[in-house]
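Asker: Pasting a structure here, questions to come.
The values are calculated or read from the model by the stated rules, or taken from the named source; none is laboratory data. Given the structure is predicted, the values throughout are model-derived calculations rather than measurements. Positions of Cβ are generated from backbone atoms using ideal geometry, with glycine treated the same way; all protein chains shown enter the neighbour counts. SASA here: full protein model, heavy atoms, side chains in, ligands and nucleic acids out. Shrake-Rupley method; radii C 1.70, N 1.55, O 1.52, S 1.80 Å.
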Amino acid sequence: MPGPHPPLQVPKNISGLYIASTQEHPSTFPSKKQEQQPLMANLDPEVSGGKDQKSAQREKTDAGEPAVCTCQQKAKAQFLLLLSYFSGDMEVFAQWIKKQFFLLQLLDWVLRGASQVMFVNNPLSGLVIFAGLILQSRWLALNGFVGTLASTISAIILQQSRDAIAAGLYGYNGILVGLLMAVFSNAGDWYWWLLLPNIFMSMMCPIVSSALASINSRWDLPVFTLPFNILVCVHMVATGHYNNYFPQVLFQPRTQLANITWTDVDVAKLFRAVPVGVGQVYGCDNPWTGGIFMIALFISSPITCAHATIGSAVGMVSGLALAAPFEAIYFGLWGYNCVLACIAIGGMFYALTWQVHLLAVTCAFFCAYLGSAITNVMSTFGLPACTWPFCLSALTFLLITTETKTIFKLTLANVAYPERNLRFFWKLRKQERLEREEKSDREKEQEIKCSDKEMLRIEIERERDNVDGLQ
Amino acid sequence: MPGPHPPLQVPKNISGLYIASTQEHPSTFPSKKQEQQPLMANLDPEVSGGKDQKSAQREKTDAGEPAVCTCQQKAKAQFLLLLSYFSGDMEVFAQWIKKQFFLLQLLDWVLRGASQVMFVNNPLSGLVIFAGLILQSRWLALNGFVGTLASTISAIILQQSRDAIAAGLYGYNGILVGLLMAVFSNAGDWYWWLLLPNIFMSMMCPIVSSALASINSRWDLPVFTLPFNILVCVHMVATGHYNNYFPQVLFQPRTQLANITWTDVDVAKLFRAVPVGVGQVYGCDNPWTGGIFMIALFISSPITCAHATIGSAVGMVSGLALAAPFEAIYFGLWGYNCVLACIAIGGMFYALTWQVHLLAVTCAFFCAYLGSAITNVMSTFGLPACTWPFCLSALTFLLITTETKTIFKLTLANVAYPERNLRFFWKLRKQERLEREEKSDREKEQEIKCSDKEMLRIEIERERDNVDGLQ
Amino acid sequence: MPGPHPPLQVPKNISGLYIASTQEHPSTFPSKKQEQQPLMANLDPEVSGGKDQKSAQREKTDAGEPAVCTCQQKAKAQFLLLLSYFSGDMEVFAQWIKKQFFLLQLLDWVLRGASQVMFVNNPLSGLVIFAGLILQSRWLALNGFVGTLASTISAIILQQSRDAIAAGLYGYNGILVGLLMAVFSNAGDWYWWLLLPNIFMSMMCPIVSSALASINSRWDLPVFTLPFNILVCVHMVATGHYNNYFPQVLFQPRTQLANITWTDVDVAKLFRAVPVGVGQVYGCDNPWTGGIFMIALFISSPITCAHATIGSAVGMVSGLALAAPFEAIYFGLWGYNCVLACIAIGGMFYALTWQVHLLAVTCAFFCAYLGSAITNVMSTFGLPACTWPFCLSALTFLLITTETKTIFKLTLANVAYPERNLRFFWKLRKQERLEREEKSDREKEQEIKCSDKEMLRIEIERERDNVDGLQ
């Protein structure tokens, strides 16, 4: 994106159009606004190396020269503008809803909370995700909704940061607590008493989140889904399989060899394990639901969607390599942690370069390994692995320090979505390069000056010699 | 409490009397001294809203006007003075004992250590607690005493902070290690060899305390009873049930449904579970011992005693809600962690407001939930839950950050006992209000001045106009 | 060691000789260089109290007076010089190898990595250790070598600090991962597929190390062998005993009393348990291998070797005291953690005084206790104890804060090997004493001056009086 436009000039290009449109919604974050919009629009040509021509052309446009706008270009511009309203984190919508009445705001927060499980801050994605949940099971969807709501309201009561609540950061643990408590309950669907511990545990989410954030913020780390992991494990192990009121599904350690015959492998089911793995992030085993979740990711951020797919595939392959029973792989149990780990490392908390992409894939493999380990450890206590493997592996990979500049960790305050993070990183890089060039230019000038002086001095001396010679 | 008295004036009221008496014991903490005494005395009237009249009256007294002292008032004053010598943290006694010979000091530290388990820094409470322990079992009391002594001496050898030792902060883990190692030993009472690991583990307490304090101090958190939890668990799991020298009681995971018939519930036993729960903090199942412990708490701080009772009741209710076997509830196993958690949050580390009181009750409920979870997890290793649930839940609730001012966390250096903490908080609040008022007064004055100037300017201009008009 | 020599003077004593020889290898660490060499040479006489005479003699030498050098002294000096090339951390060799080609450097790093398991940074010790491993089993040695290599190369790819890589700090977890994955594999020797997870896990070592260092550095703590513990446990529990590709040795919790008859004890085997305990650090049960490892330690640092022996003995005694089965004691399982803990505390991270020596022995006892506990806990998951007990106990003892000056913790940047650490500590102490003396001297002078002035004043007054009297 070019530098800030002169405010009085009539906007002529896409950026300009956008600025004109956003001026109807005066923003409280003007600095964010300026870099926000053309991210999705201009991404592809710039990635594919067409940057230099493009920016050259833009500089022309900025300089006030007439740009030839064909009909096709106009249509494309309008399409991209439309896209910018629905993709990314829907900043414009967030500004608009701020002036609506409270219940509508709360709904926005709940929907954003639902999508934040996958690091997506987008109410439309949240809506699509709820659609996927209803497709899976209405009882599940209800529990998820109650959990998100209870968690968000609890955060409001505890007077947590309003910005964080509005970004759905106090909802995503709630939806997971609600969903997974329903999934792991052995009392069957529509056991209404379950809503009691569901609401209590969801309301505990902001407390545990806030406490963990106090610790993790020392290393500028997010809390991920740790509150969900802690609270669901507490609920499950506190009641256990042998409980009169809230019995849990029985998990038991493996005590014999799995029967693995490679001729039995069902390749179609293996491929289907990829969307199922994405669906298992929310505890859903329906491949269609998983597909809907992938669409929800694509709406907000194609990079996130790509890494989710890669992560799920890596998990599936790891399962085959570590001699896991085929059933577990088909069921997506090897995928969901890798999905989250791959998204988190691949562009979300690091700026996406190809080194970071490799790191994300490595993290997904490590996460699968760790997942198998944690599954076995937890089964000793009758517990599922939840998303502990993702949390621990992603935290480990975020704590790395290295001397290379191609692995750039964003500060938590700057994290948005992969595309914007990337733009932020490029901007920083460009600025650095400019500064370096400026510095070297100045040094060269200095050198030239010095040599000029030197030349002058030599000339003077020579002339003096001549004069001496003459005398 | 009024501000610092002019030192040369003859003291006339309670505060004055007290200052006169403490001047015989020159204190090393003059700042603490000034706010120390009238806490217990004046608390009730101020809480009940009679603050304004009282402070108005006091201001009169301070100004040197004659205060009419009836006989009754004098008697009351003397009673309150007497009370101030025995309640709270017995600062006067602590100053006096500093000049006595070493063994007497050591005894004071041991007694304070015994009461510090419940966050009470009071040798009299410690004495009452030891009485309760002797009532429970003399062998237990002996082990507790040996543990406290070994732990305190170890801290002296390791040259830990003398102030912390004198406050009993290096004794409370020792007494718990001593008591609980005796309680969980399967070798029967008066098995003298047990004193060997008892002394070794008690002497490790200051080391583990010091190490944990290095970590926790980064978040200004206390170490609670974590050293005790770690060391008793290490001893128990290191030896285990099948050990030739130090066999432990057998703990096993639940593997079948508890038989819960609501008609079988014994209401009297349920009520008795409240004092039993308080007693179980020290591993005692005798309700009378529990009652004696409650008296010990009341001596030092009624708020602490109230929260202990509330916590124990909350634990009992949670046990019923989570379908626990009645026997465990009667035995106080659901209460003791909630007792400690409720005391810690309710006025000890937060200043007591009604919001904090609600938070303390929430923490007690969460602690009960967590307690059930940890009991089940630990039973896999043949271990009891110890006070892990209390430590983890209280630490979580102390790590919360919020934007509300009614939840005020004291820095560790300012923590004393609930009544004094409250006074400290009120003072801070009053000071803030005064500053705010002063500021707004100054602003108003400024405004008045400004408008005066403006008026003057306008007048002058008008006159000038007139003059101009005249000319 | 005396203070820095005047650089222009002709060197006459050992130190001088050394400086002359090292000037051929210009060092990038001049400050380290100066205190490096005579450590090993002068250690014994200084430790045994002959310090004062020695230093007095040295001061003479420095003052330029003629020192009588007999033939014997010369020979001794040359022997010590030779020794300084091979003992300690072989700094001179490290400087020399920096200018050799890459593969030779890599070999140096791998060898240093092998010895860093015992905190020794010495390629010669590393070579001796590999010899010991080959004596134990060639398959084991191969796995260890592959692990170290993979781990070091991974650190280079991840662009970790080159100094740390050159010190072998990214190799020691790799060798342990390689060795112990081979030891605990149930698939038998020469199962080549094992190299795949071996290489993957070894390459994860620098990532986990870097992440843990980010956390531990806040308390200036090393990561010890935590990455190895984490990664080997992850691999073992991820695959488990019942795995088709990578089955693990079966570990199970104890479920009955051990048969301990004191008449059955084999004293010779008990004594042999000491070197076996040292060998078990690398997973070797051959007493000769253990003996070779002790020689490797002695080459670099006799203090380290002594503490290793003490630690192993303490572990053996603890095993007897806690009623462990004799077989486990003979097998060295009670020793290896204590070996590492005793080395770490006894002179490596603390400067060695007799208080620190006692602390190291205490730490070894605690480590043995903790070792038994962790063995029992881990066996629930089918895992061995690895070196968790050492890591946890040593970290605990390094976190202690105390008011005594005789327990001096070195900052991580200053840690070298016990002998040099000691020298560093003595130098600091001497400097402090000198400063104190200087200060008191100045104060005395001030006093004398003052009293002189006073005397003068008195005299003047007296004379004036006399004059007055005369008048």
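Asker: Select, from B:Glu432, B:Glu447, the only residue that is in a helix (DSSP H, G or I), open to solvent by 90 Å² or more (accessible area, probe 1.4 Å) and at pLDDT below 95.
Answerer: The match here is B:Glu447.
Asker: Also, I was wondering about something else. Check off (1) without any contact (Cβ under 8 Å) to a residue 60 or more places away in the chain; (2) open to solvent by less than 10 Å² (accessible area, probe 1.4 Å); (3) β-branched (Val, Ile, Thr) for B:Ile230 and give me the number that stays unchecked.
Answerer: Here B:Ile230 clears every test but (2).
Asker: Within region B:422-434, is even one residue within 14 Å of chain A (Cβ to nearest Cβ) and either touching a residue at least 60 places away in the same chain (Cβ under 8 Å) or acidic (Asp, Glu) (or both)? Walk me through it before giving the result.
Answerer: From region B:422-434, those within 14 Å of chain A (Cβ to nearest Cβ) are none; that's our starting set.
The answer is no, given that none of the residues of region B:422-434 is within 14 Å of chain A (Cβ to nearest Cβ) and either touching a residue at least 60 places away in the same chain (Cβ under 8 Å) or acidic (Asp, Glu) (or both).
Asker: Right, another one. Out of the residues in region C:300-346 meeting the condition of being away from chain B (no Cβ under 14 Å) and of a type in the set (S, T, N, Q), tell me which one is nearest to B:Tyr242 (Cα to Cα).
Answerer: Only one residue tops the list, namely C:Ser312.
Asker: Residues B:Val415, B:Val377: which one is within 30 Å of C:Pro253 (Cα to Cα) and surrounded by 13 or more Cβ atoms within 10 Å (Cβ to Cβ)?
Answerer: Testing whether each residue is within 30 Å of C:Pro253 (Cα to Cα) and surrounded by 13 or more Cβ atoms within 10 Å (Cβ to Cβ) leaves just B:Val377.
Asker: Going by what's in this entry, would B:Cys342 be described as within 14 Å of the chain's Cα centre (by Cα), part of a helix (DSSP H, G or I) and buried (at least 24 other Cβ atoms within 10 Å of the Cβ)?
Answerer: yes
Asker: Right, something else. Filtering region A:85-116 down to residues that are farther than 16 Å from A:Phe298 by Cβ and in a loop (DSSP other than H, G, I, E, B), which residue is least open to solvent (accessible area, probe 1.4 Å)?
Answerer: A:Gln100
Asker: Residues being over 15 Å from C:Ser125 (Cα atoms) and open to solvent by 30 Å² or more (accessible area, probe 1.4 Å): count how many of those fall in region C:276-299.
Answerer: 4
Asker: Every residue in region B:399-420 that is in contact with a Leu (Cβ under 6 Å, 6 or more places away or on another chain) and within 13 Å of chain A (Cβ to nearest Cβ), please.
Answerer: Answer for region B:399-420, where residues must be in contact with a Leu (Cβ under 6 Å, 6 or more places away or on another chain) and within 13 Å of chain A (Cβ to nearest Cβ): just B:Thr402.
Asker: Could I ask something else about it? Failed condition for A:Phe228, given (1) in contact with a Lys or Arg (Cβ under 6 Å, 6 or more places away or on another chain); (2) modelled with pLDDT of 95 or more, with all others met?
Answerer: (1)
Asker: Can I ask one more? Somewhere in region B:300-318, is a residue free of Cβ contacts under 8 Å to residues at least 40 places away in the same chain and in contact with a Ser or Thr (Cβ under 8 Å, 6 or more places away or on another chain)?
Answerer: Taking every residue of region B:300-318 in turn, none turns out to be free of Cβ contacts under 8 Å to residues at least 40 places away in the same chain and in contact with a Ser or Thr (Cβ under 8 Å, 6 or more places away or on another chain).
Asker: Find the residue count for region C:376-398, including only residues that are in contact with a helix residue (DSSP H, G or I) (Cβ under 8 Å, 6 or more places away or on another chain), at the interface with chain B (Cβ under 9 Å from one of its Cβ atoms) and either outside any helix (DSSP H, G or I) or of a type outside the set (Phe, Trp, Tyr) (or both).
Answerer: 5
Asker: Inside region C:158-175, can you point out the residues that are open to solvent by less than 20 Å² (accessible area, probe 1.4 Å) and over 15 Å from C:Leu106 (Cβ atoms)?
Answerer: Listed by number, the list holds a single entry, C:Asn173.
Asker: Filter the helices (runs of 4 or more DSSP H) completely within region A:156-259 down to those with at least 3 residues that are within 13 Å of chain B (Cβ to nearest Cβ) and of a type in the set (Ser, Thr, Tyr).
Answerer: Hits in region A:156-259: A:195-216.
Asker: Tell me, which residue of region A:260-270 that is surrounded by fewer than 13 Cβ atoms within 10 Å (Cβ to Cβ) and at pLDDT 90 or above is farthest from the other protein chains (Cβ to nearest Cβ)?
Answerer: It comes out as A:Ala268.
Asker: So which residues in region C:276-306 are among the hydrophobic types (A, V, I, L, M, F, W, C) and either outside any helix (DSSP H, G or I) or touching a strand residue (DSSP E or B) at 6+ places or on another chain (Cβ under 6 Å) (or both), if there are any at all?
Answerer: Matches in region C:276-306: C:Cys284 only.
Asker: Do you know which residues across region B:300-315 are open to solvent by 30 Å² or more (accessible area, probe 1.4 Å), over 13 Å from B:Pro418 (Cα atoms) and aliphatic (A, V, I, L, M)?
Answerer: B:Ile310, B:Ala313
Asker: Which members of region B:231-244 meet the condition of being at pLDDT 95 or above and out of contact with any Leu (no Cβ under 8 Å at 6 or more places or on another chain)?
Answerer: Scanning region B:231-244 gives B:Leu231, B:His235.
Asker: I'd like the residue in region B:245-259 that is hydrophobic (A, V, I, L, M, F, W, C) and surrounded by fewer than 15 Cβ atoms within 10 Å (Cβ to Cβ) and, out of all such residues, is modelled with the lowest pLDDT. Working first, answer last.
Answerer: The initial filter retains those residues of region B:245-259 that are hydrophobic (A, V, I, L, M, F, W, C), namely B:246, B:249-251, B:257-258.
Narrowing further to those that are surrounded by fewer than 15 Cβ atoms within 10 Å (Cβ to Cβ): B:249-250, B:257-258.
Numbers: B:Val249: 94, B:Leu250: 92, B:Leu257: 85, B:Ala258: 82.
Looking at the filtered set, the residue picked out is B:Ala258.
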